[in-house]
Amino acid sequence: MDALREIATATVRNDKFGGGFPLEQFRQFDIIFEQSAKAKSDLYIDLLPLVNSQRIELLDQPRLIAQLNSLERRTARGGKDSIDHPPGGHDDLINSVAGLASTLLAKSDNQRFWEVMSGITDDDPYGIEGWRMLRFAEHIRRFG
């Protein structure tokens, strides 16, 4: 275990599931534990346009797809919508994917990531916004 601690310090993000238990478990291995800035319902809401616009592609993994398909939208008394798994259901995989997508696509942290992934260079006159416009135009052409 000491060798593992010396290799690297890792960081994980988690929603509010499990209270303080996960924090203590990660802390004993010197893993930094951060609370997610977004609730999982918001992560699911943000995931839908990313999948529909093909900015991300989900793995063809049956449990992941089943969890995504089982998500339910509910409206609370106050009118606020939430998205969650049905009673007795699971959402661990789709929750992880939605959290990862949100983290990777945060513009302020990862603009250069998307420039590299899309082949945009520093001398590209259109930059990342031009690339996004092209992707949007392609989406409209394909799906109307």
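For the reader, a short list of remarks on this structure follows.
- Within region 31-57, being in a loop (DSSP other than H, G, I, E, B) and closer than 22 Å to His139 by Cβ holds for Ser53, Gln54, Arg55, Ile56, Glu57.
- Per this entry, Ser82 is counted among residues that are surrounded by 13 or more Cβ atoms within 10 Å (Cβ to Cβ) and touching a residue at least 40 places away in the same chain (Cβ under 8 Å).
- Leu93 vs. criteria at pLDDT below 85, among the hydrophobic types (A, V, I, L, M, F, W, C), more than 25 Å from Arg142 (Cα to Cα) and part of a helix (DSSP H, G or I): no
- Check on Arg73, over 30 Å from Thr11 (Cα atoms), surrounded by 11 or more Cβ atoms within 10 Å (Cβ to Cβ), at pLDDT 70 or above and of a type in the set (D, E, K, R): yes
- Leu100 passes every criterion in (1) touching a strand residue (DSSP E or B) at 6+ places or on another chain (Cβ under 8 Å); (2) in a helix (DSSP H, G or I) apart from (1).
The values are calculated or read from the model by the stated rules, or taken from the named source; none is laboratory data. These numbers come from a predicted model, not from an experiment. Cβ atoms come from the backbone with ideal geometry, glycine included; neighbour counts cover every protein chain shown.
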